[in-house]
Amino acid sequence: MRPRAAAMANEVRQTMTQFWEEHSRDATVEEMMLDTSAELLSKKEKPEIISLLPCLDGLNVLELGAGIGRYTGHLAKLAKKVTAVDFMQNFIDKNRQDNGYHGNITFLQADVTVLDLPSHSYDFIFSNWLFMYLTDAELVSLTQKMMGWLRPGGYLFFRESCFYQSGDCERTFNPTVYRTPAHYNHLMTSVTSLTGDNGFEIVMSKSVQTYIKIKKNQNQVCWMLQKVLRAPEGHQGYVTFQQFLDNHQYSRRGILRYEKIFGEGFVSTGGLETTKEFISMLNLVPGQRVIDVGCGIGGGDFYMAKMYGVEVLGMDLSSNMVEIAMERGIKEKTPTVQFEIGDATRRIFPEASFDVLYSRDTILHINDKGALFKRFYSWLKPGGKLLITDYCCGERPWSPAFQEYVQQRGYILYTPEEYGQFLQKVGFVKVQAQDRTEQFVNFLNMELTRTQEIKQEFLESFSEEDYNYIIDGWKEKLHRCSLGDQRWGLFYAEKPQDIIS
């Protein structure tokens, strides 16, 4: 670090130390959270945060910014060993006083920016309201360190205030960095290990619902990242698949362009019409829990919640999709609908968490569909229902143009029959694998005609290039379907009622 930058960092650190020395005298939860409503908030948010954590049985856990130990005791009950680190000695002393009876906690007073720990010594790192006190350079440095401290496949969970502060107590210093969620996404996933072989990829990112309900604040956000071995070729020039989606296929402009064709709230074939048809097959009843994998901008989720009274978790790997869905959620006023950035291939839920799994035109991106369907099977309750639509393919060999299209999009496609076989193989029953290509073609023709009819209206929001992209794209889809290369499938299945362990 250059002398001037080092001097500025030291000055910030001294100011922060003085502030926290003043606000840690009594080591109360109000001081920790800088909020006069801290008791209520802590009571409500703690179980919510805990519900998002992976199984910690037998793991070595590192807790950064442990504070007075709001989470330390819970981590210690489950993990093999916990190392609780905090900047302030008063907080460490309070944590030791309350949680020291657990014999598996090491308490450590340290500044995380200079913390040095053994490589590959932890399975899970937990942090709550810490990274916003670090500059970008400090956070990048710490992220690289954390990657080294974690064993391969290990997880990092963190929670931060985004855009503005969380509490109602005014800070008298200003080193706090209120990053946007997108900035955190970029910072944390762009950093690689010292060898360049490993990096973090997002498993889950979502707003803390307690703050939405109590303070109308959706800018309290938590993340789960996993340390993974990076493919050297990346994803068509992007470090992660999520970055590929957000910057290439599902840019914000691209999403809104699709919505203009499919109808408000929808980015998949048939819009509201196919949504109504397919959801009617599920016989939803009030109070059921539904997970929508690849939720897009949430139109189907709002429809299910309003029409059937179900609770819906919409999950999508594209942060642009989720951002738009959350914006729409504020207007829709449907508290039973939640959204998160989530990777279905890595997301962790307790077994039998949902009554229904719903997914529209998303799984075409997933390589190991058998492994994914095993996850879906475990997430569903006995008797739970699954409904998926997805792009499929005809029998090989394909035309060269279709091969190029699939490669360019990064799709992994199977015939409708093969798709159904995947579902049967993992244990689903009552499997229906329907080739709905004819219906797909009908909607493509209607959407193409409608786009041509509203050309002037379309051009008021988008460009001539956008218009031609839609027109040409739909014509190419119709041609691929006429050749028999591109197919569209509808898949329904159920998890058996009586599961033998």
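The values are calculated or read from the model by the stated rules, or taken from the named source; none is laboratory data. Bear in mind the structure is a predicted one, so any value in this text is a computation, not a measurement. Cβ atoms come from the backbone with ideal geometry, glycine included; neighbour counts cover every protein chain shown.
For region 392-446, filtering for residues that are assigned to a loop (DSSP other than H, G, I, E, B) and not small (Gly, Ala, Ser) leaves 12. Going by the structure shown, is Phe349 outside the structural domain of Tyr184 (by TED's automatic domain parsing), under 18 Å from Cys222 (Cα atoms) and buried (at least 24 other Cβ atoms within 10 Å of the Cβ)? In short, no.
There is no residue in region 409-419 that is touching a helix residue (DSSP H, G or I) at 6+ places or on another chain (Cβ under 6 Å), closer than 19 Å to Ile279 by Cα and either surrounded by fewer than 21 Cβ atoms within 10 Å (Cβ to Cβ) or basic (Lys, Arg) (or both). In region 66-100, how many residues are in contact (Cβ under 8 Å) with a residue 60 or more places away in the chain, surrounded by fewer than 20 Cβ atoms within 10 Å (Cβ to Cβ) and touching a strand residue (DSSP E or B) at 6+ places or on another chain (Cβ under 8 Å)? Final tally of qualifying residues: 0.
The single condition among (1) out of contact with any Pro (no Cβ under 7 Å at 6 or more places or on another chain); (2) at pLDDT 95 or above that Gly489 does not satisfy is (1).
Taking the listed residues Asp368, Asp361, the one that is closer than 28 Å to Gln242 by Cα and either surrounded by 14 or more Cβ atoms within 10 Å (Cβ to Cβ) or not assigned by TED's automatic domain parsing to the domain that holds Val312 (or both) is Asp361, with no other qualifying.
Can you confirm whether Ala231 is on the phi < 0 side of the Ramachandran plot, more than 15 Å from the chain's Cα centre (by Cα), without any contact (Cβ under 8 Å) to a residue 40 or more places away in the chain and not in a helix (DSSP H, G or I)?
Details: on the phi < 0 side of the Ramachandran plot: yes; more than 15 Å from the chain's Cα centre (by Cα): yes; without any contact (Cβ under 8 Å) to a residue 40 or more places away in the chain: yes; not in a helix (DSSP H, G or I): yes.
So Ala231 fits the description; yes.
Arg436 fulfils the conditions (1) at pLDDT below 95; (2) at negative phi except for a single criterion, (1). Scanning region 449-501 for residues that are more than 29 Å from Ile279 (Cβ to Cβ) and not assigned by TED's automatic domain parsing to the domain that holds Lys385 returns Ile500, Ser501. A single entry from Thr389, Thr437, Thr451 fulfils the requirement of being of a type in the set (Val, Ile, Thr) and out of contact with any Gly (no Cβ under 9 Å at 6 or more places or on another chain): Thr451. Taken over region 395-407, the criterion of being in contact (Cβ under 8 Å) with a residue 40 or more places away in the chain and either among the basic types (Lys, Arg) or surrounded by fewer than 16 Cβ atoms within 10 Å (Cβ to Cβ) (or both) is satisfied by Glu395, Ser399, Ala401. Within region 194-216, the residues that satisfy the criterion of being surrounded by fewer than 18 Cβ atoms within 10 Å (Cβ to Cβ) and either in a loop (DSSP other than H, G, I, E, B) or on the phi > 0 side of the Ramachandran plot (or both) are Leu194, Thr195, Gly196, Asp197, Lys216. Picking from residues in region 442-461 that are surrounded by fewer than 17 Cβ atoms within 10 Å (Cβ to Cβ) and among the hydrophobic types (A, V, I, L, M, F, W, C), the one that is farthest from the chain's Cα centre (by Cα) is Ile454. The lone criterion from (1) out of contact with any Lys or Arg (no Cβ under 6 Å at 6 or more places or on another chain); (2) surrounded by fewer than 19 Cβ atoms within 10 Å (Cβ to Cβ); (3) not β-branched (Val, Ile, Thr) left unmet by Ala325 is number (2). Which ranges mark the strands (runs of 3 or more DSSP E) fully within region 47-121 that have 3 or more residues being more than 26 Å from the chain's Cα centre (by Cα)? Ranges flagged: 81-86, 105-109.
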